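Report on the following structure.
The values are calculated or read from the model by the stated rules, or taken from the named source; none is laboratory data. Please read these numbers as outputs of a predicted model, since none were measured by experiment. When we count neighbours, we look across all protein chains shown, and the Cβ atoms used for this are built from the backbone with ideal geometry, even at glycine.
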Amino acid sequence: MSLAAARALLLSPLGPVARAGGREHGEVKVSFEFFPPKTDEAEANLWNSIRRLEPLGPSFVSVTYGAGGSTRERTHRTVRRILDETCLQPAAHLTCVEASRGEVDDVARAYWDAGVRHIVSLRGDPPGGTGVGGVYVPPADGYANATELTAALARIAPFEISVGVYPEKHPESPSIDHDLDVLKAKIDAGATRAISQFFFDIDAFLRFVDRARAAGITIPIVPGVMPVTNFKGLCRMSESCQASVPAWLANLFDGLDDDPDTRRLLASSVAAEMCARLEEEGFSEFHFYTLNRADLVYAICRVLGVREKVHA
Ligand code: FAD
């Protein structure tokens, strides 16, 4: 293709997908979140996804943490396997739920000794949930919130520590200002990156980041992007974390319950467009809630210009 033709393509009205084709490698950083699988089949699916996404060279891959011994053991096992069998940097999620301070500290020390250097420090929600707006009751001898947990992690070892933020406000919080005070406290305790809850209201996310910057918060605030193929599932999730679901998204998925192929195409278009808009606003780091599926996220990464960096 001639230079003039390539330039015409880049400036074409096709938008983000065409523009991505001409982007230099390495401009955009991505990270991927996985959850620990419950069955052998789910485990095989998770590992297929990890293998598919590994060559994209993400900054890190994070593994969520549930409540209850067996769930937690699955997280530890998945994190260990990522360390042992891949060239990926795992970030282990850790919560304060149903554990004493000593138990949480032991998990953190074991992670450090195993080679884990990055923790996503969270308060967590109790199993079964407190209900929207419900009150979280910390264990008597446990950490009360992510601020306390972050301070403890920083005392245990020089972990890289990421924390959660909520562009549309945490459900239990009285205001965004309160959330920003909490974020500042988490930064003072040792957090160096914030990862957002998933969202579809980009303006709400941008307003949140503007307010954080105006409040003197300078750490990266990485947008959490969730490609949605199951709209009903999204509505359930959104209700519990109070992330708004816009009417245009409902309209897009309306009548497609029995059409998974179209839903998947729409999911990657919506997420890719969100990322493109965020990029235009100056964001160059994206955290993907993969739901343990690689294909959509892989395609979105292509749109962002992220290409294979290593050969697994
Ligand atoms: P915190 O920062 O402790 O805040 C919780 C609430 O308490 C907020 O309303 C805050 O305003 C308030 N608060 C905090 N500190 C203070 C203080 N000092 N004084 C007064 N009020 C305070 N959950 C899981 O169980 N496992 C996971 O793996 C997991 N991964 C997640 C990953 C990301 C990126 C995000 C955004 C969330 C994740 N969650 C996970 C969900 C999270 O645990 C819940 O949203 C939980 O309700 C809040 O966690 P937090 O770390 O933000 O809590």
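Taking Ala204 as the residue in question, decide whether it is touching a helix residue (DSSP H, G or I) at 6+ places or on another chain (Cβ under 8 Å), among the small types (Gly, Ala, Ser) and more than 29 Å from Ala99 (Cα to Cα). Reasoning before the result, please.
Working: touching a helix residue (DSSP H, G or I) at 6+ places or on another chain (Cβ under 8 Å): no; among the small types (Gly, Ala, Ser): yes; more than 29 Å from Ala99 (Cα to Cα): yes.
No.
Take Ala108 and decide whether it is more than 7 Å from the ligand (Cβ to nearest atom), more than 23 Å from Gly66 (Cα to Cα) and buried (at least 20 other Cβ atoms within 10 Å of the Cβ). Steps first, answer last, please.
On the way: more than 7 Å from the ligand (Cβ to nearest atom): yes; more than 23 Å from Gly66 (Cα to Cα): no; buried (at least 20 other Cβ atoms within 10 Å of the Cβ): yes.
No.
Does Ala272 fit the bill of being modelled with pLDDT of 95 or more and either among the hydrophobic types (A, V, I, L, M, F, W, C) or in contact with a Gly (Cβ under 8 Å, 6 or more places away or on another chain) (or both)?
Values: modelled with pLDDT of 95 or more: yes; either among the hydrophobic types (A, V, I, L, M, F, W, C) or in contact with a Gly (Cβ under 8 Å, 6 or more places away or on another chain) (or both): yes.
Answer is yes for this residue.
What number of residues in segment 288-312 are assigned to a loop (DSSP other than H, G, I, E, B) and either touching a Cys at 6+ places or on another chain (Cβ under 6 Å) or among the aliphatic types (A, V, I, L, M) (or both)? Step through it out loud before you land on a result.
So in segment 288-312, the residues assigned to a loop (DSSP other than H, G, I, E, B) come out as 290-294, 304-312.
This time we only want the ones that are either touching a Cys at 6+ places or on another chain (Cβ under 6 Å) or among the aliphatic types (A, V, I, L, M) (or both), so: 291, 294, 304, 306, 310, 312.
Adding up the residues that qualify gives 6.
Residue pairs, Cβ under 9 Å, 6 or more apart or interchain, first in segment 76-103 and within 17 Å of Gly57 (Cα to Cα) and touching a residue at least 60 places away in the same chain (Cβ under 8 Å), second more than 13 Å from the ligand (Cβ to nearest atom) and of a type in the set (D, E, K, R). List them.
From segment 76-103, the pairs are Thr86/Arg51; Thr86/Glu54; Cys87/Glu54; Ala91/Arg117; Ala91/Glu160.
Yes/no matrix, rows are residues, columns are (1) modelled with pLDDT of 95 or more; (2) within 25 Å of Cys241 (Cα to Cα); (3) touching an Asp or Glu at 6+ places or on another chain (Cβ under 9 Å); (4) buried (at least 18 other Cβ atoms within 10 Å of the Cβ):
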site: Ser62; (1), (2), (3), (4): yes, yes, yes, yes
site: Ala67; (1), (2), (3), (4): no, yes, yes, no
site: Thr71; (1), (2), (3), (4): no, yes, no, no
site: Asp84; (1), (2), (3), (4): yes, no, no, no
site: Ala92; (1), (2), (3), (4): yes, yes, no, yes
site: Gly102; (1), (2), (3), (4): yes, no, yes, no
site: Ile119; (1), (2), (3), (4): yes, yes, yes, yes
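Suppose we keep only residues that are over 17 Å from the mean Cα position of the chain (by Cα) and crowded, with 17+ Cβ neighbours inside 10 Å within segment 186-203. Which one would you say is nearest to the ligand (Cβ to nearest atom)?
From segment 186-203, those over 17 Å from the mean Cα position of the chain (by Cα) are 186-190, 203; that's our starting set.
Pick out the ones that are also crowded, with 17+ Cβ neighbours inside 10 Å and you get 186-187, 189-190.
On the way: Lys186: 6, Ile187: 11, Ala189: 10, Gly190: 13 Å.
Going through the qualifying residues, I end up with Lys186.
May I ask you to list the residues in segment 125-162 that are modelled with pLDDT of 95 or more and assigned to a loop (DSSP other than H, G, I, E, B)? I'd like the intermediate steps shown before the answer.
First pass over segment 125-162, keeping only residues modelled with pLDDT of 95 or more: 141-162.
Within segment 125-162, Asp141, Gly142, Tyr143, Ala144, Asn145, Ala157, Pro158, Phe159 meet the criteria.
I'm trying to understand the selection: among the residues of segment 133-181, which are among the hydrophobic types (A, V, I, L, M, F, W, C), surrounded by 19 or more Cβ atoms within 10 Å (Cβ to Cβ) and within 9 Å of the ligand (Cβ to nearest atom)?
Once the filter is applied, which keeps residues that are among the hydrophobic types (A, V, I, L, M, F, W, C), surrounded by 19 or more Cβ atoms within 10 Å (Cβ to Cβ) and within 9 Å of the ligand (Cβ to nearest atom), segment 133-181 yields Ala146, Leu149, Val163, Val165.
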